[in-house]
């Protein structure tokens with residue numbers, strides 16, 4: 001084999017190996033995208049009525065395959081206007097559980113209607129800054 005052909009083959013081999021290494025390193029450093037979302041929780045178009053001793057929480061439960069590398073679920077407390085913010089949630093499909101607690105009325109005012117295992121609410125988290133509206137009156141079991 002002459003030296004010109006050998007040089008070309010060595011160059012191609014090194015270039016191919018370099019591209020493979022870049023893809024491997026790039027693949028390791030990039031993971032699933034984390035985003036921040038905001039939303040509004042309503043009932044019949046209005047914020048839920050909550051007493052001074054009450055609290056409403058939304059919990060996004062991942063419907064993606066389990067991954068020990070990332071936190072699968074995120075929660076947020078809903079403010080009196082119905083607004084909530086979740087920071088650092090992974091892009092993906094989620095079941096949304098809603099609980100309303102009240103010191104005088106009990107630990108689950110909604111009686112499990114929108115609980116962790118049976119909530120009929122599903123949402124896709126797709127992009128940073130996404131706004132998600134949930135009206136409980138429109139969500140059916």
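The values are calculated or read from the model by the stated rules, or taken from the named source; none is laboratory data. Everything quoted here is computed from the prediction, not taken from an experiment. For neighbour counting, all protein chains shown are included, and Cβ atoms are generated from backbone atoms with ideal geometry for every residue, glycine included.
Being assigned to a loop (DSSP other than H, G, I, E, B), loosely packed, with under 13 Cβ neighbours inside 10 Å and at pLDDT 90 or above is a property that residue 127 has.
Just a yes or no: is a residue in the stretch 2-18 modelled with pLDDT under 85 and within 28 Å of residue 94 (Cα to Cα)? Write out each step before concluding.
Keep residues of the stretch 2-18 that are modelled with pLDDT under 85, which gives 2-18.
Then drop every residue that is not within 28 Å of residue 94 (Cα to Cα), which leaves none.
Looking for residues that are modelled with pLDDT under 85 and within 28 Å of residue 94 (Cα to Cα), one finds none in the stretch 2-18, hence no.
Take the conditions (1) exposed (fewer than 12 other Cβ atoms within 10 Å of the Cβ); (2) outside any strand (DSSP E or B); (3) touching a residue at least 24 places away in the same chain (Cβ under 8 Å); residue 111 misses just one of them, which is (3). Taken over the stretch 60-84, the residue count meeting the criterion of being closer than 22 Å to residue 45 by Cα and either surrounded by fewer than 12 Cβ atoms within 10 Å (Cβ to Cβ) or in contact with a helix residue (DSSP H, G or I) (Cβ under 6 Å, 6 or more places away or on another chain) (or both) is 3.
Looking at the structure I just gave you, is residue 132 touching a helix residue (DSSP H, G or I) at 6+ places or on another chain (Cβ under 9 Å), buried (at least 17 other Cβ atoms within 10 Å of the Cβ) and closer than 24 Å to residue 33 by Cβ? Spelling it out, it is not the case that residue 132 is touching a helix residue (DSSP H, G or I) at 6+ places or on another chain (Cβ under 9 Å), buried (at least 17 other Cβ atoms within 10 Å of the Cβ) and closer than 24 Å to residue 33 by Cβ.
Can you find, within the stretch 86-108, the residue that is farthest from the chain's Cα centre (by Cα) among those that are more than 20 Å from residue 122 (Cβ to Cβ) and part of a strand (DSSP E or B)? Step through it out loud before you land on a result.
Within the stretch 86-108, the first condition is being more than 20 Å from residue 122 (Cβ to Cβ), and the residues that meet it are 87-88, 101-108.
Now narrow it down to the ones that are part of a strand (DSSP E or B): 87-88, 101-102, 106.
Details: 87: 9, 88: 8, 101: 23, 102: 27, 106: 29 Å.
The residue in question is 106.
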